[in-house]
């Protein structure tokens, strides 16, 4: 499959989550419009730097982590100057491979979909319960609008959604977020997150 690549420094996008983005650069405005028109997913990739010249077709994205979350954009607001606010709706994760030849002003990349193990083992259920409690307490404290808070909590039902939003909101270190993204087994993610909780490395 091909995807459009939106590189952002220290940005991690978990599957089964949504991410608001302020799009103002003309090339990325076009990317969003092209994604909507062609139903091509956008990969939000953790960029180590923003040096994008000298990338030839067939080369890997040397300045981005190879594992990235992908999703489809929903335009929330489009301003008179063309800039927009979007929600990127997470659909999964991929391994970014070679850059593809393209006349577009943004990067088009070949990508390989990654299937994650999402069955919760019995031994992981206490950790999931604890994560859910902490996440919902964080939402209660930090989402001020009662209606928005209610809608948000009601929308988070699946274990993958709980784990994804926990990683997005309560794990502050982007390198640890990326590590969590790269783990393919939800039970292993829960184990790492539980260790982070115990060591005081999550936001409360």
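For the chain, the equivalent ellipsoid derived from the Cα gyration tensor has semi-axes of 30, 21, 14 Å, listed largest first. Taking each residue as 0.36 nm, the span from residue 37 to residue 24 lengthens on full extension beyond its C-alpha to C-alpha distance by 2.8 nm.
Which whole-number percent is the relative contact order of the chain (Cα, under 8 Å, 6+ apart)? With pairs under 8 Å counted, the relative contact order is 24 percent.
Less than 19 Å from a label point 7 Å out along the Cα-to-Cβ axis of residue 204: which backbone N atoms in the stretch 122-143 qualify, by residue? Only 127-143 fall inside the zone, counting backbone N under 19 Å. Would you please state the base-10 log of I(q)/I(0) at q = 0.27 1/Å for the stretch 89-161, with intensities from the Debye formula using one equal scatterer on every alpha carbon? The calculated log intensity ratios at q = 0.27 Å⁻¹ are -1.25.
How high is the FRET efficiency from residue 191 to residue 157, r the C-beta distance, R0 22 Å, rounded to 0.05? Walk me through the intermediate numbers first.
On the way: r = 22 Å, r/R0 = 0.99.
Efficiency at R0 = 22 Å is approximately 0.50.
As a proxy for reagent exposure, 195, 40, 18 were ordered by neighbouring Cβ count within 10 angstrom, fewest first; the result is 195, 40, 18.
Separation of the stretch 2-37 from the stretch 125-143 is 28 Å, based on Cα centroids.
In terms of the Cα gyration tensor, with a ≥ b ≥ c the square roots of its eigenvalues, is the stretch 104-204 rounded because a/c is under 1.5, prolate because a/b exceeds b/c, or oblate? Before the final figure, lay out the partial values.
Details: a/c = 1.62, a/b = 1.21, b/c = 1.34.
Because a/c hits 1.5 or more and a/b fails to exceed b/c, the stretch 104-204 counts as oblate.
Per residue, the convex hull spanned by the alpha carbons of the stretch 2-114 comes to 93 Å³.
Residue order for 110, 158, fewest other beta carbons within 10 angstrom first, comes to 158, 110.
Taking neighbour counts of Cβ atoms within 10 Å as a proxy for exposure, in what order, fewest first, do 155, 199 appear? Provide the component values of the computation, followed by the final result.
Numbers: 155 11, 199 8.
By the 10 Å Cβ count, ascending: 199, 155.
Computed from the C-beta positions of residue 98 and residue 119, the FRET efficiency with R₀ = 41 Å rounds to 0.80.
Bear in mind that the values in this text are calculations on the coordinates, not laboratory data. Model, not experiment: these values are computed from the prediction. Every residue, glycine as well, gets a Cβ built from its backbone with ideal geometry; the counts of neighbours run over all protein chains shown.
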